[in-house]
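Notes follow the structure.
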Amino acid sequence: MSASLLQVQGLHAFYGQAHILFDLSLQVGRGEVVALMGPNGAGKSTTLKALMGLLQGTRGQVMLDGRDITRLAPFQRARLGLGFVPEDRRIFTELSVLQNLETGRQPARDGLAAWTPQALFELFPNLGAMPHRSGGRMSGGEQQMLTIARTLMGNPRLLLLDEPSEGVAPVIVEQMAKMILQLKQRGLSILLCEQNTHFAGLVSDRAYHLDQGRLLQQGIPQSIQAHQRQSSL
């Protein structure tokens with residue numbers, strides 16, 4: 001694996017008094033795509049929210065590009081290059097595609113090519129065909145693309161993707177897979193939550209298997225998939 005961009009040690013997370021994540025340790029290399037796999041309720045989305053600083057009372061250490069970001073607010077993590085794409089999209093429905101993209105703009109980062117709307121339209125041709133359409137007049141798959149594109153306008157070093165294939169048409173799932181592989185070619189690191197084991201196998205270099213908030217296994221996505229099948233028997 002390449003040098004680590006993200007290092008997480010002993011991560012615990014809570015929703016109120018409920019203990020959700022238990023002593024998670026993981027890492028993502030530079031230019032690597034890593035999947036968090038597991039059933040509903042395994043703690044995958046909670047892991048991403050904890051890494052983004054969206055949960056109160058977390059414990060453990062989170063290092064991004066050699067810097068300890070454990071105590072930083074979400075906006076500070078974003079400024080340091082952590083980008084988060086939530087599963088529920090949260091686009092601005094009254095704004096156009098171009099206006100939504102502008103809300104995510106951040107300065108270019110050393111060593112990374114800056115994203116522009118034109119570059120994103122090449123990555124997402126569907127969006128390029130509707131630059132002035134409002135977010136509320138787009139399909140679920142198109143809104144998912146827009147959410148990812150808006151996050152990329154922040155020029156992240158690491159992209160946190162929550163269930164990118166969930167609830168979208170098969171043709172959009174295929175486009176998402178191609179998009180992730182193109183982002184990897186550009187050197188972007190990605191940590192994604194994914195229940196679709198086939199999708200995870202197509203795009204990921206490595207995977208972590210979570211269940212009930214605990215890390216059970218790590219390895220290539222195919223080995224995780226085989227382990228999940230055996231566990232369900």
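The values are calculated or read from the model by the stated rules, or taken from the named source; none is laboratory data. On a predicted model such as this, the values are computed, not experimentally measured, just so you know. Don't worry about glycine lacking a Cβ; one is built from the backbone with ideal geometry, like all the others, and counts go over all protein chains shown.
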Inside region 168-214, the number of residues satisfying the requirement of being surrounded by 21 or more Cβ atoms within 10 Å (Cβ to Cβ) and part of a strand (DSSP E or B) is 9
Conditions first: (1) at pLDDT 95 or above; (2) part of a loop (DSSP other than H, G, I, E, B). SER165 passes all but one, so which condition is the exception?
(1)
Matching residues in region 1-14 - criterion: being at pLDDT 95 or above and either among the hydrophobic types (A, V, I, L, M, F, W, C) or over 16 Å from the mean Cα position of the chain (by Cα) (or both)
LEU5, LEU6, VAL8, GLN9, GLY10, LEU11, HIS12, ALA13, PHE14
I'm told SER165 meets every condition in (1) over 24 Å from ALA114 (Cβ atoms); (2) buried (at least 19 other Cβ atoms within 10 Å of the Cβ); (3) out of contact with any helix residue (DSSP H, G or I) (no Cβ under 6 Å at 6 or more places or on another chain) except one. Can you identify the failing condition by its number?
(3)
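Go through the residues of region 152-160 one by one and say whether even a single one is touching a Cys at 6+ places or on another chain (Cβ under 9 Å) and either within 27 Å of ALA200 (Cβ to Cβ) or at pLDDT 95 or above (or both).
Applying the first criterion (touching a Cys at 6+ places or on another chain (Cβ under 9 Å)) to region 152-160 yields 160.
In the following step, the residues that additionally are either within 27 Å of ALA200 (Cβ to Cβ) or at pLDDT 95 or above (or both) were identified as 160.
For region 152-160, residues touching a Cys at 6+ places or on another chain (Cβ under 9 Å) and either within 27 Å of ALA200 (Cβ to Cβ) or at pLDDT 95 or above (or both): present.
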From (1) closer than 30 Å to MET130 by Cβ; (2) surrounded by fewer than 17 Cβ atoms within 10 Å (Cβ to Cβ), pick out the condition that doesn't hold for TRP115.
(2)
In region 108-131, what count of residues is obtained for those that are more than 22 Å from LEU80 (Cα to Cα), more than 20 Å from the chain's Cα centre (by Cα) and not polar (S, T, N, Q)?
6
Has region 57-70 got at least one residue that is surrounded by 13 or more Cβ atoms within 10 Å (Cβ to Cβ), of a type in the set (Asp, Glu) and not in a strand (DSSP E or B)?
yes
For region 1-56, what are the residues that are assigned to a loop (DSSP other than H, G, I, E, B), over 20 Å from LEU82 (Cα atoms) and touching a Phe, Trp or Tyr at 6+ places or on another chain (Cβ under 9 Å)?
GLY38
Quick one: how many residues across region 137-146 are modelled with pLDDT under 95 and either touching a Lys or Arg at 6+ places or on another chain (Cβ under 7 Å) or in a helix (DSSP H, G or I) (or both)?
6
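What's the total number of residues in region 80-106 that are part of a helix (DSSP H, G or I) and exposed (fewer than 14 other Cβ atoms within 10 Å of the Cβ)? Show your work before the answer.
So in region 80-106, the residues part of a helix (DSSP H, G or I) come out as 97-103.
Applying the additional criterion that residues be exposed (fewer than 14 other Cβ atoms within 10 Å of the Cβ) yields 102-103.
Result for region 80-106: 2.
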